[in-house]
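Each remark here refers to the structure printed beneath this line.
The values are calculated or read from the model by the stated rules, or taken from the named source; none is laboratory data. This one's a predicted model, so the numbers in the text were calculated from it and none came from an experiment. Using ideal geometry, Cβ is built from the backbone for each residue, glycine included, and neighbour counts are taken over all protein chains shown.
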């Protein structure tokens, strides 16, 4: 899976000369929180809903409502946008983009290929994908195991699932802090995981959760 598999290709963007007032209306109409800013066919900036709010005069201002509308109609997105925004490739793995967004404090990225804006991806897009990958959207049972990284453990687990004719919806592993063992979480397409859990236990695995 790559970013191109989850990004939105129907990009809503604005020209750099668009007024802040119009940009806010576009965001509200499309229920989005960020807008790429274009100069002809080139991505030159990015604005967010937060930026638009910060650019708006304070409610405590002495300006009249007509003066406020006039001011917002004159101010363009070019004046407040982030210039040369950080972009990502459509071939980037989604998990890398998610980590990058968390490290940089970004909730989304413009996606650029060969210098052209081809999409936009948000943190929510990636989380929805991860939810599908982990099998959370499908009913099933979960078994959590504590296991070492010894070769052959995964083969043993898969053999037990095959023996019980049980489909593995997803598998996730997580290193326990300051421990040698890993947590292995199996999501199974099954209504009853107890027989498999018992067989895993009898095979030497430390089963910590079944449900």
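Tally the residues that are farther than 21 Å from residue 124 by Cβ and surrounded by 11 or more Cβ atoms within 10 Å (Cβ to Cβ), restricting the search to segment 44-56.
Adding up the residues that qualify gives 4.
Here's the yes/no breakdown for (1) modelled with pLDDT of 95 or more; (2) touching a helix residue (DSSP H, G or I) at 6+ places or on another chain (Cβ under 8 Å):
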position	(1), (2)
95	no, yes
98	no, yes
121	yes, yes
124	no, no
128	no, no
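Do the conditions hold for residue 37, that is, is it within 26 Å of the chain's Cα centre (by Cα), crowded, with 16+ Cβ neighbours inside 10 Å and either within 20 Å of residue 111 (Cβ to Cβ) or at pLDDT 95 or above (or both)?
Spelling it out, residue 37 is indeed within 26 Å of the chain's Cα centre (by Cα), crowded, with 16+ Cβ neighbours inside 10 Å and either within 20 Å of residue 111 (Cβ to Cβ) or at pLDDT 95 or above (or both).
If I ask for residues that are in contact (Cβ under 8 Å) with a residue 40 or more places away in the chain and over 21 Å from residue 183 (Cα atoms), which ones from segment 123-138 would you list?
125, 126, 128, 129, 138
Residues being surrounded by 15 or more Cβ atoms within 10 Å (Cβ to Cβ) and within 14 Å of the chain's Cα centre (by Cα): count how many of those fall in segment 104-118.
Total satisfying the criteria: 5.
Can you tell me which residue is farthest from residue 204 (Cα to Cα) among those in segment 147-171 that are surrounded by 15 or more Cβ atoms within 10 Å (Cβ to Cβ) and out of contact with any helix residue (DSSP H, G or I) (no Cβ under 9 Å at 6 or more places or on another chain)?
For segment 147-171, the residue satisfying everything is 169.
Given 89, 19, which one is in contact with a strand residue (DSSP E or B) (Cβ under 8 Å, 6 or more places away or on another chain), at pLDDT 95 or above and either assigned by TED's automatic domain parsing to the domain that holds residue 125 or closer than 29 Å to residue 132 by Cα (or both)?
89
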